[in-house]
1. To the nearest 10 square angstrom, how much accessible area does E78 have with a 1.4 angstrom probe?
2. Place +1 on the Cβ of every Lys and Arg and -1 on the Cβ of every Asp and Glu in the chain, take the dipole about the Cα centre, and give the residue among F104, L141, L26 whose Cα lies farthest towards its positive end.
3. In a Debye calculation with equal point scatterers on the alpha-carbon sites of region 5-143 and no solvent, what is log10 I(q)/I(0) at q = 0.11, 0.15 Å⁻¹?
4. Tell me, what is the FRET efficiency for A133 and E95 to the nearest 0.05, using R0 = 25 angstrom and their Cβ-Cβ distance as r?
5. What FRET efficiency do you get for S62 and S109 if R0 is 22 Å and r is their Cβ-Cβ distance, rounded to the nearest 0.05?
6. Under 15 Å from the Cβ of I3, count the other residues' Cβ atoms, weight Lys and Arg +1, Asp and Glu -1, and hand me the total.
7. Give me the percent relative contact order of the chain, please, defined on Cα pairs under 8 angstrom at least 6 residues apart.
8. Which residues' amide hydrogens lie under 5 Å from the amide hydrogen of G75, considering only partners 5 or more residues apart or on another chain, with H built in the peptide plane?
Amino acid sequence: MFIGEYQHNIDIKGRLIIPSKFREQLGVKFIVTKGLDKCLFVFPMDEWSKFEEKIRTLPISSKDARAFSRFFFAGAAECELDKQGRIMIPSNLREYAGIDKETFIIGVSARLEIWNENTWNDYNGEDDLSYDAIAEKMAMLGI
């Protein structure tokens with residue numbers, strides 16, 4: 001399980017240090033793709049396979065299902081850590097998430113998320129981000 005929040009800078013070559021706490025859980029190879037809320041999702045291969053299988057079961061006749069599939073798969077990249085514990089984030093993914101220097105890497109259970117620092121701070125400061133209202137909705141889902 002991935003938990004915690006870490007701040008790291010991306011270098012001019014597009015390399016980002018992954019916190020040592022997360023490296024073993026990621027494995028040798030993993031997937032980085034566009035995430036929701038203008039962040040990047042990072043999946044270990046076993047979690048990516050589970051996610052892919054769920055998307056694969058969506059009906060191809062559904063316009064929304066096709067769009068959802070394209071969103072995650074078109075920009076996905078297989079990555080691996082270098083000897084210094086860094087990953088090379090492809091330029092299209094850096095551009096999508098607005099990642100150019102300061103980042104936040106957060107653990108979200110089965111995946112990591114990589115955020116532009118300002119986007120993460122804005123997200124956490126949103127007035128409409130009511131954790132009480134979210135909690136009520138989650139209770140309706142049985143959580």
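The values are calculated or read from the model by the stated rules, or taken from the named source; none is laboratory data. It should be emphasised that the depicted structure is a prediction, and the values quoted were computed from it without experimental measurement. With ideal geometry, Cβ positions are generated from the backbone for all residues, glycine too; neighbour counts draw on all protein chains shown. Ligands, DNA and RNA are stripped out before the accessible areas are found, and what is left, the full protein with its side chains, is counted by its heavy atoms. Shrake-Rupley method; radii C 1.70, N 1.55, O 1.52, S 1.80 Å.
1. That residue has around 110 Å² of solvent-accessible surface.
2. L26
3. Evaluating at q = 0.11, 0.15 Å⁻¹ gives log10 I(q)/I(0) of -0.45, -0.82.
4. According to the calculation, E is roughly 0.20.
5. 0.25
6. -1
7. Taking the mean separation of contacting Cα pairs over the length of the chain, I get 35 percent.
8. The list, which skips near neighbours in sequence, is K34.
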